[in-house]
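Visitor: I'd like to ask some things about the structure below.
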Amino acid sequence: MLRWICREEKEREPEIFENVSLGLKNLYKSRLKPLEEAYKFHNFHSPALHNADFDSKPMILLIGQYSTGKTTFIRYLLEKDFPGMRIGPEPTTDCFIAIMAGAKDKASGVVNEGIVPGNAAVVDDTKPFRALSSFGNAFLSRFLCSHMENEVLNSISIIDTPGILSGEKQRVNRGYDFAKVLTWLAERVDRIILLFDAHKLDISDEFHEALDAVKTFDSKIRVVLNKSDQVNTQQLMRVYGALMWSLGKVITTPEVVRVYIGSFWDQPLRYDENRLLFEAERNDLFDDIQSLPRNAALRKLNDLIKRARLAKVHAYIISHLYDSMPSLFGKTKTKNKLINDLEKIFVELSHKHSISLGDFPNAQKMKEKLKLTDFGKLRSLSKSMVKKVDDMLAKDIAELMKLIQREETKAAEKIKSEGPSVKGGAFFASKDNPFSNTFGVGVNAGSDCDGEWIVSEKKSAYDEVFMKLNPADGKVKGSEAKKEMIKSKLPNTALAKVWRLADHDKDGMLTEEEFALAMHLINVRLEGHVLPDDLPKHLIPPSQRSDEPDLEEESD
């Protein structure tokens, strides 16, 4: 009858999941959510998560003062207008607009485009915005979902925010807590882009509050210095320095915030002397955005781990407060004393449970919430609930990490065969498009020369060097070629790759054509371009190219 008292508990095997999204949902509902509900976590920290929070596409949040080009930046990415878009020098965007891919009509197959008002959007189970209803009608009347058909939106969603006010305008009451809305969104998005205008670097009080609201998520933050073509190079250096100084006063992190310099619109550049810089910065920013779908599962897993650690700490705090209350008299006095001594309680619990103080919530904010809480409705610590969360962190999360690695491997193979996951708009252009990021640059130079070998342009100069190396039977040995190649001062690792690509017939020596190819690749590398793993077809020495099969003979 009492066998269960002495029965040893069998070690639980980690759960097996079909995919990462389903695994995250199951772990949250079965292990973490019961602990959150039992200790009123949602009243103190963050609302409960729903299925859409795990299934949603990566989201990008744009923040900036009015007229810094937030909406224009979105249009630049999508290369078309979106429903509800308004652009102007004054504060035109007074709403939070979530730009998302529209759903296809099952009957017609046509994508539904248009605007969904905030009150309707927050009750849609397929969207991760249900908890926004807690901000009230004043906010929901300023929240929209814009649906449209766009290839970029098949992989990511974008959230445009109202232009942050400055001067006298910032004293206008928006009717809702703007900073808290930003915090809620920042917690759930994958990337936060702060936009600055080259002529508008001042950080107003409201902008300062906005930065305070999101700086906790500093790993997600990227900064864009927009409209940089409106100043010349000398002025741009000064503007960049002033921006870094301003940001350093607000975002106090050991790492320097990544700042992308450019002009993200489709108008002619006023000063085009920095065109190459702007294009390089744009490519870096787009590479960062294109990585979001690949890293989305890992980000959601990381957020769940952080949430679980906070929920555990919260349970320890709440149970300690409940156990410290008297059963009959002096409840109000004891409650006030416990709230006032909250910092000391944090230190005590930190030592008792071996938890870092960095895992504890903001004491001041928690005090404000505790003043409104009935301590009689709290409860003692449930060790079984905490153990379930501990098991999740120790075992199930490890299994999900393995699953993420397998999915990342599949995604990498898909990208290699099909191209980047974010396509369309300003992100993606065919390699044959002369305005694509890589057309005619580096090893791609000469790819459209219709059979002409790009190396031939300087081959006569390369041949003179080749003859001075005393070739035997039309080839130079590796030791002789090395003497000339090291004059480039490139590291051995780079020269080893040049040799592997140039020695196309793999005989350990270089022909006249192969030596010219090696010199060409060295110059490409010296210009700052990356060498490919495999030699492109248009760079293969003409004498070593295999003839294309004759189609007429094949048909016969």
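Visitor: Given (1) open to solvent by less than 20 Å² (accessible area, probe 1.4 Å); (2) closer than 21 Å to D218 by Cα; (3) over 18 Å from the mean Cα position of the chain (by Cα), identify the lone condition not met by A131.
Guide: (2)
Visitor: Among the numbered criteria (1) of a type in the set (S, T, N, Q); (2) in contact (Cβ under 8 Å) with a residue 40 or more places away in the chain; (3) at positive phi, which single criterion is violated by S447?
Guide: Among (1) of a type in the set (S, T, N, Q); (2) in contact (Cβ under 8 Å) with a residue 40 or more places away in the chain; (3) at positive phi, the lone unmet condition for S447 is (3).
Visitor: Does A98 count as at negative phi, surrounded by 15 or more Cβ atoms within 10 Å (Cβ to Cβ) and in a strand (DSSP E or B)?
Guide: Details: at negative phi: yes; surrounded by 15 or more Cβ atoms within 10 Å (Cβ to Cβ): yes; in a strand (DSSP E or B): yes.
Here the answer is yes, as A98 does meet what is asked.
Visitor: What number of residues within segment 470-520 are in contact with a Phe, Trp or Tyr (Cβ under 8 Å, 6 or more places away or on another chain), outside any helix (DSSP H, G or I) and either without any contact (Cβ under 8 Å) to a residue 12 or more places away in the chain or open to solvent by 60 Å² or more (accessible area, probe 1.4 Å) (or both)?
Guide: 0
Visitor: Does S319 fit the bill of being closer than 21 Å to F44 by Cα and out of contact with any Phe, Trp or Tyr (no Cβ under 6 Å at 6 or more places or on another chain)? Explain how you work it out, then say what you get.
Guide: Numbers: closer than 21 Å to F44 by Cα: yes; out of contact with any Phe, Trp or Tyr (no Cβ under 6 Å at 6 or more places or on another chain): yes.
Answer is yes for this residue.
Visitor: A further question on this structure: Could you check, for segment 188-196, whether at least one of its residues is more than 18 Å from T71 (Cβ to Cβ), free of Cβ contacts under 8 Å to residues at least 60 places away in the same chain, in contact with a helix residue (DSSP H, G or I) (Cβ under 7 Å, 6 or more places away or on another chain) and not in a strand (DSSP E or B)?
Guide: No, segment 188-196 has no match at all.
Visitor: Take the residues in segment 261-295 that are open to solvent by less than 40 Å² (accessible area, probe 1.4 Å) and more than 30 Å from Q405 (Cα to Cα); name whichever of them is farthest from the chain's Cα centre (by Cα).
Guide: N274
Let's see how each residue does on (1) open to solvent by 30 Å² or more (accessible area, probe 1.4 Å); (2) among the hydrophobic types (A, V, I, L, M, F, W, C); (3) more than 25 Å from R75 (Cβ to Cβ):
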| position | (1), (2), (3) |
| --- | --- |
| N173 | yes, no, yes |
| K180 | yes, no, yes |
| T183 | yes, no, yes |
| I192 | no, yes, no |
| I203 | yes, yes, yes |
| V214 | no, yes, no |
| I221 | no, yes, no |
| L247 | no, yes, yes |
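Visitor: Okay, next question. Considering only residues that are open to solvent by 20 Å² or more (accessible area, probe 1.4 Å), assigned to a loop (DSSP other than H, G, I, E, B) and not small (G, A, S), which ones fall in segment 32-77?
Guide: Selection gives K40, H45, P47, L49, H50, K57, Y66.
Visitor: Condition first: under 25 Å from K33 (Cβ atoms) and out of contact with any Leu (no Cβ under 7 Å at 6 or more places or on another chain). Now tell me which residues in segment 308-326 satisfy that.
Guide: Looking only at segment 308-326, we keep the residues that are under 25 Å from K33 (Cβ atoms), and these are 308-323.
R309, L310, K312, V313, H314, D323 - these are the residues of segment 308-326 that are under 25 Å from K33 (Cβ atoms) and out of contact with any Leu (no Cβ under 7 Å at 6 or more places or on another chain).
Visitor: Can you report the number of residues in segment 249-260 which are assigned to a loop (DSSP other than H, G, I, E, B) and open to solvent by 70 Å² or more (accessible area, probe 1.4 Å)? Steps first, answer last, please.
Guide: As a first pass, look at segment 249-260 and keep what is assigned to a loop (DSSP other than H, G, I, E, B): 251-258.
Checking the rest, the ones that are also open to solvent by 70 Å² or more (accessible area, probe 1.4 Å) come to 252, 254-256, 258.
So the answer is 5.
Visitor: Here's a follow-up. Looking at I203, I159, which is the one that is assigned to a loop (DSSP other than H, G, I, E, B), in contact (Cβ under 8 Å) with a residue 40 or more places away in the chain and hydrophobic (A, V, I, L, M, F, W, C)? Lay out the reasoning, then the answer.
Guide: Working: I159 fails: assigned to a loop (DSSP other than H, G, I, E, B).
None of the other options fit; the residue is I203.
The values are calculated or read from the model by the stated rules, or taken from the named source; none is laboratory data. Just so you know, these numbers come straight off a predicted model, no measurement behind them. Please note: Cβ atoms are built from the backbone with ideal geometry, for glycine as well, and neighbour counts cover all protein chains shown. Remember, those area values only see protein heavy atoms, side chains included, never the ligands or the DNA or RNA. Shrake-Rupley method; radii C 1.70, N 1.55, O 1.52, S 1.80 Å.
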